[in-house]
1. On the basis of being assigned to a helix (DSSP H, G or I) and buried (at least 18 other Cβ atoms within 10 Å of the Cβ), does ALA121 make the cut?
2. I need a count of the residues in the stretch 460-470 that are over 15 Å from VAL280 (Cα atoms) and open to solvent by 20 Å² or more (accessible area, probe 1.4 Å).
3. Can you tell me which residue among ARG116, ARG136, ARG98, ARG111 is within 26 Å of PRO258 (Cβ to Cβ) and touching a helix residue (DSSP H, G or I) at 6+ places or on another chain (Cβ under 9 Å)?
4. For the stretch 426-459, how many residues are assigned to a helix (DSSP H, G or I) and surrounded by 15 or more Cβ atoms within 10 Å (Cβ to Cβ)?
5. Would you please name the residue that is nearest to the chain's Cα centre (by Cα), looking only at residues in the stretch 177-218 that are β-branched (Val, Ile, Thr) and either part of a helix (DSSP H, G or I) or surrounded by fewer than 19 Cβ atoms within 10 Å (Cβ to Cβ) (or both)?
6. What is the number of the single condition among (1) touching a Pro at 6+ places or on another chain (Cβ under 7 Å); (2) at pLDDT 95 or above that GLY374 does not meet?
7. State which residue is farthest from ILE425 (Cα to Cα) when the search covers only the stretch 394-414 and only residues that are touching a helix residue (DSSP H, G or I) at 6+ places or on another chain (Cβ under 7 Å) and of a type outside the set (Ser, Thr, Tyr).
8. Can you name the number of the only condition in (1) over 18 Å from GLU259 (Cβ atoms); (2) of a type outside the set (S, T, N, Q); (3) touching a residue at least 40 places away in the same chain (Cβ under 8 Å) that LEU307 fails?
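The values are calculated or read from the model by the stated rules, or taken from the named source; none is laboratory data. Since the model is a prediction, treat every value here as computed from it, not as a measurement. We place every Cβ from the backbone using ideal geometry, glycine too, and count neighbours over all the protein chains shown. Accessible surface is based on the protein model in full, side chains and every heavy atom, while ligands, DNA and RNA are left aside. Shrake-Rupley method; radii C 1.70, N 1.55, O 1.52, S 1.80 Å.
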Amino acid sequence: MTAQPSPPVPRPASPERTTPVATPSADAGGPASDTAVHRPADPGPHDDGATARRTPRAAPRTLRSRLGDPPPGPLLLGLLGSLLMVIGGFGAGGVLVRDPILTNSAVGFWRYGHGRELAVAVVYLGVALMAWAWVRLGREVLAHRVGGRAVLTVSAAWLAPMLVSPPLFTRDVFSYLAQGALPLAGFDPYAVGPEVMPGIFTDNVHYFWQDTPAPYGPLFILLAKGMAALVGNNIILGVIGMRLLLVVGLVLLIWALPELTRRLGGRVPVALWIAVANPVMVIHMVGGGHNDLLVVGLLAAGSLFALRGRHATGIAIVTAAMAVKASAGVALPFLVLIWAAHLPGSRTARVLKAGAAGLGVFLVVFTAASVAAGVGLGWLPALSAPSMIVNWLSLPTGAGELTHTLVSIVADVPKQPFINVGRIIGAIVLLYIAVTQWWKARDGGPDAIHRAGIVLFAVAVLSPATLPWYVSWGMALLAMVAWSPRALSWLVFGSLWLVIVYYPSGEAALYNWGYLAVCAALCTLAAVSLRHPDPLKLRTRKADTETPAPVPSDVATAGSGAERAG
């Protein structure tokens with residue numbers, strides 16, 4: 001027999017065409033991939049439909065996938081924590097002297113006696129849940145299981161309730177409104193304190209700041225004046241309005257963060273976890289309604305514009321940050337170095353040219369803000385007002401207090417001279433750090449932004465007075481650099497520590513040593529659990545209890561022999 005040729009195999013009418021489709025990066029919320037995925041192209045006009053039937057269709061994207069597939073556990077846990085803090089805040093936060101809604105109402109008990117004690121417990125339960133959720137989210141970030149979009153989605157869920165919360169762990173927002181109302185009443189906010197203007201705003205200002213002139217720049221006075229004029233005597237609307245105004249800073253920070261992070265060598269999900277999802281941001285900055293929130297956004301945005309080569313714009317934006325709080329001005333000399341790196345000539349000539357141009361931009365912006373606010377330079381003497389605060393969060397002040405305590409064991413001496421000496425030494429150390437970091441950043445570029453963040457952080461902890469939210473100045477830039485897992489554990493401890501060193505009412509807890517000891521232990525546990533999910537070995541102990549350990553053969557044999565001998 002002879003073999004018969006087999007019939008030809010029919011060829012498809014139109015071959016499949018494939019087009020490369022890049023996979024979403026991890027920073028965008030999807031899995032990272034270095035290769036392209038080829039998917040069938042859409043059928044052509046002459047396709048008979050066979051190709052479409054042979055190729056599975058891509059599943060439509062759900063809302064959850066568009067939001068980056070956020071981990072539901074941390075999201076819901078932190079959201080519950082936020083809601084509990086808001087509910088408890090109506091009784092234990094920076095409550096009004098006379099609340100037009102709660103006073104004499106059926107739930108008025110929440111503000112007094114046992115009701116208030118319960119409200120305090122609810123706030124602290126919310127803080128604990130928020131801390132737990134943040135650590136759990138951090139584990140997902142470190143394991144590369146979530147991207148930047150997911151972290152941002154979780155952060156938004158945590159932050160949303162805080163927009164309508166009473167002030168938490170502070171009463172500063174009442175001072176802001178009172179200082180904005182002072183010029184409306186014909187007073188100079190840089191010459192007098194809120195006490196000269198009786199009214200609902202002044203009544204709710206903390207007693208410590210009643211006779212203190214405003215230590216804030218002209219831009220912030222302008223914003224506060226506008227808000228006070230807008231809300232009239234409606235202080236509840238004033239608190240919410242001021243918070244919404246300051247949240248513009250958070251929006252600027254989120255806008256600038258991805259590109260800044262790529263330039264500074266960090267990871268976007270980690271930077272978002274540090275700067276946006278951080279309990280300091282959620283509870284202090286947004287829940288407390290601090291104007292530092294506007295400062296950090298302007299710092300980040302100005303730094304990004306400078307790195308993009310738009311130097312005048314960057315200096316103008318950071319000058320605006322300084323016109324809110326003077327400390328932001330520390331970043332300006334570093335932006336000058338970035339500008340100088342793009343100019344021709346010798347290094348000295350370039351720095352002088354950039355410095356002169358930067359000074360011109362600064363004068364124009366700052367003068368415009370002062371004229372618009374209707375104020376002069378009276379705020380410069382008022383900058384000393386925060387130095388009236390004496391607490392050991394400021395390292396020089398704390399060193400002075402510790403030295404006085406030791407000396408007091410053998411001699412009865414006043415405390416203030418020790419504090420003064422400590423602050424002088426702290427100023428010298430701060431000046432050394434600032435000059436050294438500026439010189440090391442002389443080549444400009446992203447390194448100058450990194451070093452500006454270091455100096456801003458040093459300003460926060462080495463100034464005569466330190467408050468928990470001051471640390472945000474430096475972290476607005478340092479969050480974008482590369483972090484080791486161990487450094488992130490220290491960050492967890494420090495962040496949670498800064499949240500609890502004040503009581504929900506805004507009073508300092510820095511000298512309640514028993515309370516601080518318990519909180520330090522819990523903060524340590526949270527820091528360790530970032531990299532070790534079961535630091536107390538509870539799961540191991542449970543497993544050991546439920547599953548008997550295997551008995552060695554020699555022990556089993558000996559036991560059998562003993563039983564037989566008995």
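1. Here the answer is no, as ALA121 does not meet what is asked.
2. Qualifying residue count, the stretch 460-470: 4.
3. After ruling out the rest, the residue left standing is ARG136.
4. Final tally of qualifying residues: 20.
5. The selected residue is THR202.
6. So GLY374 meets the others, but not (2).
7. Taking the candidates together, the pick is VAL413.
8. The number of the failed condition is (1).
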